[in-house]
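The values are calculated or read from the model by the stated rules, or taken from the named source; none is laboratory data. Please read all numbers here as calculations on a predicted model, not as lab measurements. Note: ideal-geometry Cβ built from the backbone for every residue, glycine included; neighbour counts use all protein chains shown.
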Amino acid sequence: MKNKDIIKMLSESLSIEEIPMISNLEELRGLVNNSSLDDYAKAKMLKHIGHLIKDTLQHARIITGLIKGAVK
Amino acid sequence: MNQINEKLIGQLKIEKDAFNLYNSFIKKIGGSKIKKALIEIRDDEKEHISLAEEMISVINGYGAKIKITKAKERAVNLGGFMDEFSSLFIKTDISSYARIAVGIVEELNMNCIYLSFNKTPRYTKRLMAEHKIGLRRIKFVNCVKFSKEGDINANPEALTEISLALEELMQKMRGKFFILVDTISSFSVYHSTNAILKFIGLVNSKLEKYNCGAIWVAIDSESEKGLNDKIIPLCDRFIKI
């Protein structure tokens, strides 16, 4: 695969992680926090959402590093 | 269907899209460090799909009984922008910046040049459409190399080319408008701090001529601190969110 295609592919990956993924998760966290869900369900949901956000941010960091590597 | 369920179904779709996207890339790319990293990310997405499905089943158990109190959004204070000052530097965390960028476009509700430096504008457009923002007022400058999506394209490695593309657009814009840069932090993938600062200075120096404003969005992180600290004095106002 050519370097230019790798950069394009990684930019596409970064876009999906940083824009729809994170935005949706943050909005979801806000909704759950302000919902009438009982404490058990709320805690379970927030734990899962937190896990997804942590992984997504990690993915964005990894992909940014790969882009930097591909650009050099 | 309640709002949480709607968001969860949306999340499940995004996770599945990401899984399929990584799968297609893994098939195309040869054995390398990048392939190994993408396989790990793809496997995470598989787990994320299960988590999203589990959350949907939790919420389904509550039926329509869930009530949601409207939360107060963390709004950006844009008071005085383009009347009292024309350049604004916003520093925020990575998980908020997309929402903040869209919020700015929504709140200012005027013509906009949206410079998307390291992300394909497709997802930003979708997010704006979800927020019912009219895309006709926005001109996207796409700096993702080799990604042609019908926007104005500029090579991320050539800051002169980007500034020329911006000026050409500034000349064509009608009425009040502003430039939104998403994100200035991403410029450091290709450029030195000095080159980025010169670029910001150049664009800011043209704002008065074209009677417009510029909003520079940056990611607040330790690795970007040096650059961010140097951008602050180049702009009229600075906000940390």
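Being crowded, with 19+ Cβ neighbours inside 10 Å and at pLDDT 95 or above is the filter here, so list the residues in the stretch B:185-203 that pass it. The answer is B:Ile196, B:Phe199, B:Ile200, B:Val203. Every test in (1) under 25 Å from the mean Cα position of the chain (by Cα); (2) in a loop (DSSP other than H, G, I, E, B) is passed by B:Ile66 save one, and that test is (1). Candidates are the residues of the stretch B:37-63 that are hydroxyl-bearing (Ser, Thr, Tyr) and in a helix (DSSP H, G or I); the one that is surrounded by the fewest Cβ atoms within 10 Å (Cβ to Cβ) is B:Ser57. Note on the stretch B:13-36: residues that are surrounded by 15 or more Cβ atoms within 10 Å (Cβ to Cβ) and either β-branched (Val, Ile, Thr) or without any contact (Cβ under 8 Å) to a residue 12 or more places away in the chain (or both) total 6. Of all residues in the stretch A:25-42, none satisfies being small (Gly, Ala, Ser), more than 7 Å from every other protein chain (Cβ to nearest Cβ) and farther than 13 Å from B:Val144 by Cβ. Mind checking whether some residue in the stretch A:37-54 is more than 28 Å from B:Asn2 (Cα to Cα) and free of Cβ contacts under 8 Å to residues at least 60 places away in the same chain? Taking every residue of the stretch A:37-54 in turn, none turns out to be more than 28 Å from B:Asn2 (Cα to Cα) and free of Cβ contacts under 8 Å to residues at least 60 places away in the same chain. Residues that are in contact with a strand residue (DSSP E or B) (Cβ under 9 Å, 6 or more places away or on another chain) and either at positive phi or assigned to a helix (DSSP H, G or I) (or both): does the stretch B:4-25 have at least one? The answer is yes; a qualifying residue exists.
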